[in-house]
1. Tilt of helix 4-19 relative to the longest C-alpha principal axis of the chain, in degrees (0 to 90, nearest 10)?
2. Leu56 to Ile155: extension gain in nm, 0.36 nm per residue of separation minus the Cα-Cα distance?
3. Got the relative contact order for the stretch 28-176 handy, in percent, Cα pairs under 8 Å and 6 or more residues apart?
4. Using the 2.2 N^0.38 Å rule of thumb for compact globular proteins, work out how the chain stacks up: its C-alpha Rg over that value, please.
5. Taking a cut-off of 24 Å between Cα atoms, list the lysines near Lys164, but don't count ones fewer than 8 places away on the same chain.
6. Relative to the present Cα-Cα distance, how much length would full extension add between Leu167 and Ile41 at 0.36 nm per residue of separation?
Amino acid sequence: MRGSPFLVSGVFLLSLLLSNAGLAQEKSRPVQLSLFNPIQIFPETDSVGGVRLSLLYGVNQDVIGVDLGLVGVTRGDGTGISWNLVGMVEGDFSGWQHGGVCVAKGRFVGLQSSFVNNAFDGEGIQLGLVNVTDNFKGLQVALVNVTAGMEGLQIGLINIIKNKEKLPVLPLVNWSF
């Protein structure tokens, strides 16, 4: 049992190294501050592994960590917490995306909470006024929920599951399992 703390520490450090392996191939910066692109500390081709603060408009390749600002654009993938008035991830996103408009053009896993949520393929929870996905697995809560394929529950004024054979449009609650 004396070696257990060392084993746990080793596994933890290894998992940290492997989780940032995708950032190792490109330049990763611990902090990014941008007024608007291209007026930012580091170029948009660099990734951020830490904190990005976009005062007006910031762009980076990948963002792992905390992403705060008015408009934050991630050209690749994002992981962590993204709180932007407009947050757009052109790749996959895992974590919590919050703001006025949240977009994940790739796979989304986690929580999206904003006025308008949009994800290509999602799993988790969407909370907003309008939720739109191609495929979703989990819970959508909004005034209007729209998805092509669904494995889960929609709660809202208008709920649409396009690929559902019977009753694809329902008020208040819709589901597909």
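1. 70 degrees
2. Extending this stretch completely gives an extra 32.3 nm.
3. Relative CO of the stretch 28-176 lands at 10 percent.
4. Taking the Cα Rg and dividing by 2.2 N^0.38 Å, one obtains 1.18.
5. Counting by Cα, and skipping residues close in sequence, Lys164 has these lysines nearby: Lys105, Lys137.
6. Length gained, Leu167 through Ile41: 40.1 nm.
Values quoted throughout were computed directly from the atomic coordinates according to the rules given, and no laboratory measurement underlies them. Since the model is a prediction, treat every value here as computed from it, not as a measurement.
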